[in-house]
DNA sequence: GTGCTCG
């Protein structure tokens, strides 16, 4: 292995910075040209197995940005460094002690090396080496947890929740609530997203966003709730300081509950809009502004904003969080994007920061972020758009529509382990299937957006409590909803895309538990079979080879897709008065407030 | 296709 290759591997996701480490590499090369000697300080690190399977993504290797990353993350650690400069020895000792006390499995090798460096030469380049070793350590942690970061000024990953208290003055009660909930160590997305969101707080002048993409059921909610609470510090009477937007009421409720549980005893006023007409009075201009965090679906917020006078004031919002962001970015006549744009505009405070989270990432979202936001940092866990690996996935050919019902009855009669979620394509089909199954003598119910709020709440409640064994649902429950111990997800109707598939099966196998997903398919589903078979294969489940061998997409379909005019978003959240003066899109873009325009160029 | 106000 070439020395440069080796350094690249050590970088695990970051590109090797020749300018900075060229000297080291050259020296390294003269000493250990093949990099195979086990006594070598670098090759002794047990790390390659993981790192080599964890190929950095293409776009994570853009020259300029990664250069910034390595430099900036050093800068981000300036405080630590300063101490190290003056009193390195004690500092390292202290750090080592604290890490050990918290039970982190750092390789003691590295720490020894750092100490040895201090005891030995006090040369100038020892500091450089120290920095290098530290960076190496951080890279190794990221590689171990398959954390990929991309952007400037990315803080080091968090290894224990306790660090939140020492580093960011997290309320001790929140930490206690965490422990009470049985959460003792952060998941990969939490390790990176939490310090990232905390870190941007120190830098108030720049609009910052982080984009978190990681598998379903891996703790995204906590990843943004914790830094949120930590940042707000204390309840204040300034009006809402944080807004969380969810695509469904069920998900909003779930997030709301999670926030309540976390902030129990701290006194934050967390609100959810359950009835917009009632909420109008509550949050209107006459209100006392005694609230801190708002969780809602988008249209309710808009309803309040559209009242005259507006019944909701979002100008003191410091954090805008978009959960399931790719869903909320959907375009089209009835898409969410316009609604989201309105809310973006309403959060007009000077300190507003945004974070986008989802298990899947569409090019749309990412492109928009790259175009419109400064200091974009993205965090990916594992590979992008992949299914979680704890789900055992299976494709089942059922011939035709009738075959589905036969196969379904078969599963039920053979005896299955409830609870089971059954996904169908539309509300009508959900109703139909429900009527087919309701007389089977099993506890079955159905949920979709056409049912009343009361019915929806009851269904979710009884499914959670185990009174319902089989729940038929539409895309309403596809995203984010965390049911404990769903044993089987049945895709009765074939999912419309790989992304949809990933979200659906993500309802099972959550938080590391084992789950199972069965997907029915018929002749008609062939066009999408390949892409979903690929997802399954990538997650390590067996898939017949012929499926992968299918044409990428049916040529007719593809042609039809290509024929469609390349519709760009025409939504513009630039204030009207700017629009009248500037007709050209380019000019508007130029004059628009950075981060507030929704144009695609 | 799904989801997202109010009355």
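The values are calculated or read from the model by the stated rules, or taken from the named source; none is laboratory data. Predicted model only: the values in this text are computed from it and were never measured. Cβ sites come from the backbone with ideal geometry, for glycine too, and all protein chains shown count toward neighbours.
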Test: residue in the stretch A:291-309 that is near DNA strand B (Cβ under 10 Å from one of its atoms), outside the structural domain of residue A:477 (by TED's automatic domain parsing) and farther than 27 Å from residue A:475 by Cβ: yes
Identity of the residue in the stretch A:267-290, more than 16 Å from DNA strand B (Cβ to nearest atom) and modelled with pLDDT under 90, that ends up farthest from residue A:344 (Cα to Cα): A:267
Flag for residue A:502 being surrounded by 17 or more Cβ atoms within 10 Å (Cβ to Cβ), on the phi < 0 side of the Ramachandran plot and away from DNA strand B (no atom under 11 Å from the Cβ): yes
Hits in the stretch A:321-371 (condition: under 22 Å from residue A:238 (Cα atoms), away from DNA strand B (no atom under 13 Å from the Cβ) and in contact with a helix residue (DSSP H, G or I) (Cβ under 7 Å, 6 or more places away or on another chain)): A:321, A:322, A:346, A:353, A:355
Flag for residue A:321 being outside the structural domain of residue A:476 (by TED's automatic domain parsing) and either exposed (fewer than 15 other Cβ atoms within 10 Å of the Cβ) or farther than 21 Å from residue A:369 by Cβ (or both): no
Answer residue from the stretch A:369-388, given it is surrounded by fewer than 20 Cβ atoms within 10 Å (Cβ to Cβ) and outside any loop (DSSP other than H, G, I, E, B) and is farthest from the chain's Cα centre (by Cα) among those: A:371
Every pair of residues 6+ apart whose Cβ atoms lie under 8 Å, when the first sits in the stretch A:420-444 and is under 17 Å from residue A:458 (Cα atoms) while the second is assigned to a helix (DSSP H, G or I) and more than 14 Å from DNA strand B (Cβ to nearest atom): A:444/A:437
Enumerated helices (runs of 4 or more DSSP H) restricted to the stretch A:258-340, each holding at least 2 residues that are farther than 29 Å from residue A:367 by Cβ and over 24 Å from the mean Cα position of the chain (by Cα): A:276-283, A:298-306
Residue within the stretch A:514-537 that is within 22 Å of the chain's Cα centre (by Cα), under 25 Å from residue A:181 (Cα atoms) and either away from DNA strand B (no atom under 16 Å from the Cβ) or in the same structural domain as residue A:359 (by TED's automatic domain parsing) (or both) present: yes
Only listed residue being over 19 Å from residue A:177 (Cα atoms), more than 14 Å from DNA strand B (Cβ to nearest atom) and buried (at least 21 other Cβ atoms within 10 Å of the Cβ), chosen from A:242, A:236, A:252: A:242
